[in-house]
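The values are calculated or read from the model by the stated rules, or taken from the named source; none is laboratory data. Values in this document were obtained by computation on a predicted structure and should not be read as measured data. Here the Cβ is made from the backbone with ideal geometry for all residues, glycine too, and neighbour counts use every protein chain on show. Accessible surface areas use protein heavy atoms only, side chains included; no ligands, DNA or RNA. Shrake-Rupley method; radii C 1.70, N 1.55, O 1.52, S 1.80 Å.
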Amino acid sequence: MNSPISSVVIVGGGNAGWLTAAILASKLKSKCAESVSITLIESPNIKTIGVGEGTWPSMRRTLKSIGISESDFIVSCNATFKQGAKFVGWVTGAKNDSYYHPLMLADNAEQTDVLHAWHQHFEHIDFSKAFCVQDYTCDNGLAPKSITSPEYAAVTNYAYHLDAGLFTNFLKKHCIEKLGVKFVADDVIDVNSSINGAIDKVLTRNCGYITGDIFIDCTGFNRLLINKHYQIPFQSCKHVLAADSAIACQVPYPSTESPITSHTISTAQTAGWIWDIGLQNRRGTGHVFASDYLSDYDAEAQLTKYIKNTGGDVEKCTFKTIRFEPGHLSKFWHKNCLAIGLSAGFIEPLEASALLLIEMSANTLAEHFPANQAAMNLVADKFNQTFLYRWQRIIDFLKLHYILNQRDGQAFWQDIKQPQSIPDSLQANLNLWQHQYPCMHDFEQAIEVFPIDSYLYVLYGMGFKTQYPFKVSQLQSDLLSRQYAEIKSNFSQLERVLEPNRHLLEKIKRYGLQKI
Amino acid sequence: MQTIETLDPIRHHDLTIETGHSEKFGENIHCVPVVANELNQLIPHYPVCLLKDTETGQFGLYALLGFEPNQNLYIKSGHWGQGYLPLHIQRQPFIYQPNNHSVGLNLAINVDNPRVNKQTGENLFDDNQQPSGYLKNMAKIVEFLHSSLASNQAFIQTLLDANLIDHNQLKFQQTDGQSKKIDGLYQVSQQKLSTLSDQDVVKLHQSGALQACYLLLASQENFKKLINWYND
Ligand SMILES: Cc1cc2nc3c(=O)[nH]c(=O)nc-3n(C[C@H](O)[C@H](O)[C@H](O)COP(=O)(O)OP(=O)(O)OC[C@H]3O[C@@H](n4cnc5c(N)ncnc54)[C@H](O)[C@@H]3O)c2cc1C
């Protein structure tokens, strides 16, 4: 019980497995005097999911912390810059219906006065335009930094769009060559437990038994250890978020000089939405939909139409259908087994939170790495508590995107905003926000998955009404006018230093970014 | 504006080059590219820093001349007289061009440079279409500068590889009491230099980079002079 944990076995070599390996290897190296060995077993027969191309700004910190050069990453993974998401057609579906959820925080949004002034007197200006400069940089397709910015430094906050397959290979190479992760290409075919129920070792098809002190289940939807072995129950949230299918498709650019969009575009459809992500060499698109409301055939037809309308050549596209049960495990860490990635759960990728949760999980594991078996259960309890809370927050936040819709006449959009489908935690907040503006205290935890600003962008981007009973003073109005003017003048300065996304990416390929 | 022409005794026989240094030759610039090979001569006069090229993000060595666009504080009453002039200034209006057999010197000329005229200044060729003493001297400068570029690049790469460069914000008080900040300057970090392993110190010393690092650091003293001029 008291012998130290000295070996970690990760089963699964998708982006969850390799990211976890990289984060653990780099963090534990600097933390533990005695080295912890990390082994990753990956089936050569079962393919990785091969999608998942949108990230959060946290990815910059993660890549830096595992010792990766940003220039190398951008070149190797066909990565581009993402400054936010644009939601098209989510409110009414009318022609000009769109709003931004940018990645920069909203200026002065912690001041209720300023929010109130916007709501009362400036609602004709898009919320995100009145509070953030990134509407402008996105509209103009500008990169969030310049060639003289050091690696990972931002002029405007950013995350990445990346090629999921290339990213896996890139991480794999880095883990094996630089971080000393042991790699076993084999299928896990059996799991062996000791008397107390902890996993002792796993049996592989060709390499025999592999023992470990702690096992990470990164086997994707297979959920080999956490579910097939331990049968930890799964909590579906399909009654809250009905999407359970995706058709993914890679779309070539019309030319090698086509502009690269600096944000994810999410366009509402009759029973779901289409993501559109610009990489260096192609776009990644996909239709996420609820199979209860739409057939695969019709879903593909809507995607095809979208691709055609956005200048893509459908002849060159192949479609791949993916099914999933939206939801998460009721417990992620059981005994000495922890599930990270798709094995822990998956909900429609509306806010690109899956990779973010992988980063959070691996970081939490590294930071609270159990000293020995005796500490393990205590650490596990905390972990489960924290991450159940996080999943609930994600569900709430994704649901928020749907419940304010006015897409009348479409069953999917009507059903999804029915009161009985809204989680209590979200309903409570909505009730509050009808009377007063959202503030930090409305949330429980110091590290929220989505900051308060994200809620503001979505709520007021979609036209939510807060009936705050106080009058707006002249002072408050002036403050907001000044802020709006400052954002505009800030942009005219940025316009001089920032260039189009593709230009900067070409330069990075050619010269690289400096480390300083 | 630049129009580069391969130097030619027939085509260019009547050109004359006005010498001297002042604003009218476009020398009202706030920094000038320099090479490590001329650090010894630069150091008594100029602060030398690393700056990033705005087009490529790549580091280069520069002598700082002012703190505002188009401000060259070394030009006094219209003239840039004092002390050593960076090679990049000395070489104007000539450019390196290999294998120019028509003159036997590796030279091309920027005929748009305001020094170039047909009335005053130095002749390029004598009556026999042979290069003048002036031109031969310019060829030496241009060739030396050209041959210094590779070692300059190697020096900067050494600094990068050894992780010795730091961002170095310059902050000083203006006469009106306001503080002025200059960003985008990079310098060898004294602190990182002093924590190098013995092995790395020896390596740097053998390549000549160590001496150059200390010259760069010493040149920072010249900022005081520049700030005084700026505030005058
Ligand atoms: C349609 C869709 C869109 C998405 N979009 C986004 C997005 O925009 N942003 C985002 O952050 N995330 C997104 N995701 C989620 C993201 O793709 C995943 O979170 C991420 O790729 C991690 O997947 P994984 O490694 O958990 O699983 P997988 O990629 O499925 O990897 C599973 C691994 O386990 C191995 N394995 C399985 N069984 C065994 C066995 N018995 N023995 C040995 N090895 C085994 C497999 O070989 C494979 O290597 C999206 C997901 C989907 C489905």
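In the structure shown, do any of A:K47/A:K201; A:K129/A:K399; A:K64/A:K465; B:K76/B:K118; A:K29/A:K145; B:K52/B:K225 have a Cα-Cα gap over 30 Å, and if so which? Beyond 30 Å between Cα atoms: A:K64/A:K465; A:K29/A:K145.
If I build a Gaussian network model for chain B, linking alpha-carbon pairs within less than 10 angstrom, which residue out of B:N163, B:N113, B:N72 has the largest mean-square fluctuation? For chain B, modelled as a Gaussian network with Cα springs under 10 Å, the answer is B:N163. Of B:N99, B:N152, B:N28, the residue with the greatest mean-square motion in the GNM of chain B, using alpha carbon springs below 10 Å, is B:N99. Rounded to the nearest 100 Å², what's the accessible area chains A and B bury against each other, both chains counted, probe 1.4 Å? The A and B chains share an interface burying roughly 900 Å². For the pair region A:297-371 / region B:135-174, the C-alpha centres are spaced 49 Å from each other.
Which residue fluctuates the most in chain B, going by a Gaussian network model with Cα springs under 10 Å, if the choices are B:I182, B:I141, B:I95? The residue that fluctuates most here is B:I182.
Against the longest principal axis of chain B, how steep is helix B:222-231, in degrees 0 to 90 to the nearest 10, with axes from Cα atoms? Once rounded, one gets 80 degrees.
The residue among A:A339, A:L498, A:F167 whose Cα reaches farthest toward the positive pole of the charge dipole of the protein assembly as shown, with charges on the beta-carbon of Lys, Arg, Asp and Glu, is A:A339.
Taking only alpha carbon atoms, region B:4-231 gives an Rg to Rh ratio of 1.02, where Rh is the Kirkwood radius. With R₀ fixed at 51 Å, the C-beta to C-beta distance from B:T56 to A:Q111 puts the FRET efficiency at about 0.75. Each residue of region A:329-345 is assigned a 3J(HN,Hα), and the resulting list reads 5, 7, 7, 9, 10, 10, 6, 10, 10, 10, 9, 10, x, 4, 5, 6, x Hz, derived from the Karplus form 6.51 cos²θ - 1.76 cosθ + 1.60 (θ = phi - 60°), x at Gly and Pro. For region A:90-188, trypsin sites (Lys or Arg not before Pro) are listed when DSSP marks them as loop and at most 10 other Cβ atoms sit within 10 Å of their Cβ; the list is A:K95.
For region A:482-515, a reduction of at least 50 Å² in accessible area between the chain on its own and the assembled protein chains (probe 1.4 Å) is found at A:Y511, A:Q514.
Can you tell me the alpha carbon radius of gyration of region A:245-323 divided by the globular rule-of-thumb value 2.2 N^0.38 Å?
In units of the globular-protein estimate, region A:245-323 measures up at 1.05.
Using a probe of 1.4 Å on the protein chains alone, the accessible area found for A:M104 is around 50 Å². Summing charges over neighbours of B:S194, with a neighbour being any other residue whose Cβ is under 15 Å away from its Cβ, gives -2 when K and R count +1 and D and E count -1. Calculated on the alpha-carbon coordinates, the convex hull of the protein assembly as shown measures out at 220 cubic angstrom per residue. Compared with the direct C-alpha span, the chain from B:N117 to B:Y84 gains 9.3 nm at full extension, assuming 0.36 nm per residue. The heavy atoms of A:H334 present about 40 square angstrom of accessible area, all protein chains included, probe 1.4 Å. Specify the inter-centroid distance of region B:58-77 and region B:207-232, based on alpha-carbon positions, in whole Å. Answer, in whole Å: 13. Could you compute the longest span of chain B free of trypsin sites (Lys or Arg not before Pro) located in DSSP loops and having at most 13 other Cβ atoms within 10 Å, not counting the site residues? Free of exposed loop sites, the longest segment is B:119-232. Rolling a 1.4 Å probe over the protein heavy atoms leaves A:E325 with an accessible area of roughly 80 Å².
Take each residue of peptide B:51-62, count the partner chain Cβ atoms within 10 Å of its Cβ, and average: the result is 4.
Distance between the pseudo-spin-label points of A:N140 and A:S236 (7 Å out from Cα toward the beta carbon): 4.9 nm.
Where in region A:229-273 does the amide nitrogen come within less than 16 Å of the point 7 Å from the Cα of A:Q427, taken along Cα to Cβ? Only A:239-241 pass the distance filter.
Inter-part distance, region A:130-180 to region A:465-479, computed on C-alpha centroids, equals 38 Å.
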